[in-house]
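See structure below.
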Amino acid sequence: MAKFHSKSYDPSARNVWYRLLQRKLSDRATLSQTLGFVDSDLCFLCNQWETAERMLFLYLHKKDIWLTILDTYLLNFRSFTLRWLYHDMSMIALDSYLFRPSMPNISNSNLLSITMYHIWKAHWRQYFDSAPIRLTGVLPSIHKDLQMRNKHYCL
């Protein structure tokens, strides 16, 4: 946990990642077991068990978002799977990810946390607002946030 606290993150993205680390992310499996907030641990779209890993990384549209972001910003993205990325983010073990120098002021942890935050936000917009998760809708938000952070850290 000391690794997590020693890094500078976007506050919203930090919140989502912190919840992931504490195993308190608002996926349906967690919500149905701990809070009784939802009546089922199944995904409202596909009726499969919704874990944090599936909710943020493995569901089809979210997988496409991750693969596009990783292809854009990573040099070695084909050498690992999204399951490994989920595990490594859960352990803050990101040293093996080689990032392209396209945004020199963004750390690998910030890139991943911002991506995860936007996917998390899109997930809940789909749930509460019936706004479908689309690559063309989420990617521009991620890129805009990354560019803004890159300029901010450059100043």
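The values are calculated or read from the model by the stated rules, or taken from the named source; none is laboratory data. Keep in mind the model is a prediction, meaning the values are calculated, not measured. A quick note on method: Cβ atoms are made from the backbone with ideal geometry, for glycine too, and the neighbour counts reach across all protein chains shown.
Within the bounds of region 137-153, is there any residue that is loosely packed, with under 11 Cβ neighbours inside 10 Å and at pLDDT below 90? Within region 137-153, none of the residues are loosely packed, with under 11 Cβ neighbours inside 10 Å and at pLDDT below 90.
Quick one: count up the residues across region 1-26 that are in a loop (DSSP other than H, G, I, E, B) and either at pLDDT 75 or above or of a type in the set (D, E, K, R) (or both). Working first, answer last.
Filtering region 1-26 down to residues in a loop (DSSP other than H, G, I, E, B) leaves 1, 6-10, 22-26.
Keeping just the survivors that are either at pLDDT 75 or above or of a type in the set (D, E, K, R) (or both) gives 7, 10, 22-24.
Of the residues in that region, 5 qualify.
The C-beta contact set for region 52-75 (first residue within 15 Å of Val138 (Cα to Cα) and touching a residue at least 60 places away in the same chain (Cβ under 8 Å), second residue polar (S, T, N, Q) and crowded, with 21+ Cβ neighbours inside 10 Å, distance under 9 angstrom, 6+ apart or interchain) comprises Ile65/Thr115; Ile69/Thr115. Scanning region 107-154 for residues that are among the small types (Gly, Ala, Ser) and in contact with a Leu (Cβ under 7 Å, 6 or more places away or on another chain) turns up just one, Ser109.
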